[in-house]
Structures are given as structure tokens and as C-alpha cells.
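Enquirer: Got a structure for you, questions after.
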Amino acid sequence: MKKLLASALLSLSFFAASAQQKPLSAPIQIFKGYTAQLEKDRQEASTNKKYLRADTLLKQWVRNYSILPDSVKTYFKGWEPGMYYNIACYEALQGKKEAALGSFEKCVALGYSNYTNTIADSDLESLHKEKRYLTALQTLRERGDKGYILRQSGTYDRKVNKEIPAFTYQEASSPELMAFKTKYNLDSVAGKGDEISRMKNLLFWVHNAVRHDGSSNNPPLKNGTDLIEVCQKENRGINCRMMATILKDAYQAEGFKARMVTCLPKDTLDNDCHVINVVWSDNLNKWVWMDPTFNAYVADKNGNLLSIEEVRAKLHADKLNDLVLNNDANWNNKNKQTKEYYLGYYMSKNLYWLQCSTKSEWNIETRTPDKGIVDYVNLYPSGYNTIKAPKVSNRYMTSFATNNPQLFWQKPVVVKDNKLAVVQ
């Protein structure tokens, strides 16, 4: 309970700074300052077990928030669920069970989603056997327990949609990839070790070549060379999609076949997805998980690298303990990643459905006037893509839907002499 509002303040402050937003209006600044002081007072009251005082402060915030102009209220809308959650905690600690149940139901109705914190929070222990609490908790679980949501997803099938184009990959001999390899001496970066060590070295290189900034705008030219150059010139970061673009180009410049994979949540209102890479291993005969944003790859207990499909299957079967995350997985060389957060929460949320472009090539997502439509394939669990059309097109892209993982993860083919050839 005690850290929820502080965390909200920190993350919103970071977002505002990193997104380089326009200066906040005076009313927003005033209410933000008021909220920060209230949080200090609340923490002090909570530390001293003055729960009535802490409860009163939060209810004061709710009343003041309710009378804000809409233009100001919008900025703080995401804080309201956490306020009601903390109110429920303080009411429960004071023995006000009915009031606490009402506040807990309110926080869930407003969209509160921290299921993990809720089930571990002893402040709400007096409510645990109450039917109203359990009903609201189940609603919360269906929103906030990302592993549970993934485990409830439908199965795949083996139906073949012949309309879906084949996935193709650019040859390392293409001029753009050869220039990229020469400019950044990628032969030296990859090294002379075995296949897996070369894959890992290229992953480490991209992770350290640019920093991640999830709130940044995408540069107009989306290829390995231009993305690195713009980061160096403007001293800026790029989002996960752009980092995956660089790694895809680096792998293909070194002769590997690679894709960018957009990993997406079930919740259509959740705008937070994640983009990683897969690279084809001839030795393992499968696509291997590589994530440049978090310098991450996943193995089994014997050290064998795993594919996205294998990791998802383990998470779907509630076998997180069978998975091993590399010890040096991190964000921007600052925040170490744990298996429990990265796989058990973040990627469990973002492995509900997957999307790949059918072409892995230089500048595939750079928009130019003469650019044709780019084809994508979406892999859905059965029962989910009933809300999606089998084929959707707009001026930039066509998306095809499938429930067939074998089709989606088909062995790579290359385009050579205008013909498709399967990699042997």
C-alpha cells in the first residue's frame, strides 16, 4: 500500500520528462505540487500507524480531484484507482469492513490492475473471506494477472490459409547490408565463435550501441545505419521497435535470417506492446528469442536457447520455473531484469498474440511515396481473432490472421534470382 502513489508520481514525472512534453499548465502544476506534499504527509501518517489521518488525506484528495476542470482532471485520471485502493487499505486497518469493501470495489471499477500487490497486501487481510472482495478480486485478476490471462487463452490449430504470403529474408550480399556490415565492422563484433556466440555478440552490441527510450518518436528512416546515426547525432534513444530494426539488419548483414516480432496483449485498450527479434539457428533448427531492449534471451534448465513459441508454451502451462533468463538481462545497463518480472509479468502480458512482417529487409517500415503495401501476419490463439477480420488492409499495410503456429514460424526462405528457396 505505502508505495503506490509514490511510484505513480515517479513514473509520471519520468514520462513527462522523457517525452519532452509542453510545459504543464499552472493548474496542473499546482495540483501536482499539492499531491506530492499530500503523499509525504500520508507516508508519515502511515509509518506512525495513524491510519485515520492517512485515510482522511486521501479522501481529501479524491474530493479535490472531483471538482477539477476536465482539462486538469485528465492529467491525474490514472492516479484515482490507486487512491481508492489505498483508502480501502486504511479503512480495513481501522476495522471499517463495509467501507473498505466499497472502496476496493471502486478501485477495481476504475481500472486498478495491480493483482500481484493486492494478493500479497496484508492490509486487506480482513476482507479475504468476503464475497464482495472475492468477486472484485476475480475481476482484478482477469485484468492484472498476466500469467493467468495467458493461460486462459485458446489453443492453436493447424488450418492453412493459402492466401497468406511466404516470409522472405534479405540476402547478406545486398548493397545496404554489406555497407552496414563494413561501416560498423560487424564481422569483428560477431566474432569467430560458434553460431550462438555470434548471435549473442550482435545482441550485446545493439543493446549497448543505442539506448532505449519508449516514449521517443520514430525517426523517418528506419534502418540500422540511419537509426544509429540519428541517436548519436541527437543524443537520443529509440523505442523497442527501432532497436529490433537495428538487430534485424545486423543479423542479416552477418548472414543470419531474422525477424522483428511484435508481441501484443489481449487487452485492446493496452497500448503497451513489445518488439523483439527472432534469429534462425541452423544448429538448433528453430527461431531463437533475442531482445535488444533488455539484452535478453531465454533458455531451458540445460542452457538450450528457446524460441518464442517454446517460451509461450511454458508460460501457458504455468511452468515459469522451467525457464532461465540470462543473468545480464537489463534495461539501459541500469535496471537488472528478473525472470519473475520480465517473463512472469511483462512478456506474459505481451505474448497473447504476435505479429510479423512477411518481409525482413532493409527499410521495410520506412514510408516513402513509392512504397508499396507491407504485408503482416498475425498469430492469434483460437477464439480471439473472431473479433478480427481474416484480412484487413489500409493504405500502408495488409494484415492476415492465422491460428497456425507452424505457418507463422515456418522455416526461412530467401529470395534469390526472383525465386523463393527454403533454407536447408
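The values are calculated or read from the model by the stated rules, or taken from the named source; none is laboratory data. The model shown is predicted, which means the values in this text are computed figures rather than measured ones. Ideal geometry is used to build each Cβ from the backbone, glycine not excepted, and the neighbour counts take in all protein chains shown. For accessibility, only protein heavy atoms count, side chains too; no ligands or nucleic acids. Shrake-Rupley method; radii C 1.70, N 1.55, O 1.52, S 1.80 Å.
Enquirer: So which residues in segment 156-177 are under 19 Å from TYR384 (Cβ atoms) and out of contact with any helix residue (DSSP H, G or I) (no Cβ under 8 Å at 6 or more places or on another chain)?
Expert: Answer for segment 156-177, where residues must be under 19 Å from TYR384 (Cβ atoms) and out of contact with any helix residue (DSSP H, G or I) (no Cβ under 8 Å at 6 or more places or on another chain): ASP157, LYS159.
Enquirer: Testing ASP318 on (1) in a helix (DSSP H, G or I); (2) under 29 Å from THR402 (Cα atoms), one condition comes back false. Which one is that?
Expert: Exception for ASP318: condition (1).
Conditions tested, residue by residue: (1) over 18 Å from ARG132 (Cβ atoms); (2) open to solvent by 60 Å² or more (accessible area, probe 1.4 Å).
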| residue | (1), (2) |
| --- | --- |
| LEU57 | yes, no |
| ASN64 | yes, no |
| GLU80 | yes, no |
| GLU91 | no, no |
| GLU98 | no, yes |
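Enquirer: All but one of (1) of a type in the set (Ser, Thr, Tyr); (2) open to solvent by 20 Å² or more (accessible area, probe 1.4 Å); (3) in contact (Cβ under 8 Å) with a residue 12 or more places away in the chain hold for SER360; state the number of the condition that does not hold.
Expert: Single failed check for SER360: (2).
Enquirer: While we're looking at this one, here's another question. Give the residue that is farthest from GLU310 (Cα to Cα), with candidates limited to residues of segment 234-286 that are touching a strand residue (DSSP E or B) at 6+ places or on another chain (Cβ under 9 Å) and hydroxyl-bearing (Ser, Thr, Tyr).
Expert: THR245
Enquirer: Suppose the filter is farther than 30 Å from TRP353 by Cβ, among the hydroxyl-bearing types (Ser, Thr, Tyr) and in contact (Cβ under 8 Å) with a residue 24 or more places away in the chain; does SER153 pass it?
Expert: no
Enquirer: For segment 5-43, what are the residues that are open to solvent by 40 Å² or more (accessible area, probe 1.4 Å) and modelled with pLDDT under 50?
Expert: Correct list: SER7, LEU10, SER11, LEU12, SER13, PHE14, PHE15, ALA17, GLN20, GLN21.
Enquirer: Could you identify the single residue in SER153, SER122, SER113 that is farther than 21 Å from TRP79 by Cα and modelled with pLDDT under 95?
Expert: Going through SER153, SER122, SER113 in turn, the sole match is SER153.
Enquirer: Name the pairs whose Cβ atoms lie under 8 Å apart, with the first residue in segment 117-131 and surrounded by 14 or more Cβ atoms within 10 Å (Cβ to Cβ), the second among the charged types (D, E, K, R), and 6 or more positions between them or separate chains?
Expert: Every condition considered, the pairs that remain are SER126/LYS97; LEU127/LYS97; GLU130/LYS97.
Enquirer: Let me ask you something else. Considering only segment 177-272, give the helices (runs of 4 or more DSSP H) lying wholly within it that have at least 3 residues that are open to solvent by less than 40 Å² (accessible area, probe 1.4 Å) and not small (Gly, Ala, Ser).
Expert: Counting at least 3 such residues, we get 195-209, 224-234, 240-253.
Enquirer: Also: Any idea which of (1) over 27 Å from LEU284 (Cα atoms); (2) surrounded by fewer than 17 Cβ atoms within 10 Å (Cβ to Cβ); (3) among the acidic types (Asp, Glu); (4) touching a residue at least 12 places away in the same chain (Cβ under 8 Å) is the one GLU142 doesn't satisfy?
Expert: Among (1) over 27 Å from LEU284 (Cα atoms); (2) surrounded by fewer than 17 Cβ atoms within 10 Å (Cβ to Cβ); (3) among the acidic types (Asp, Glu); (4) touching a residue at least 12 places away in the same chain (Cβ under 8 Å), the lone unmet condition for GLU142 is (4).
Enquirer: Can you tell me which residues in segment 290-315 are farther than 24 Å from GLN406 by Cα and among the basic types (Lys, Arg)?
Expert: Result: LYS301, single match.
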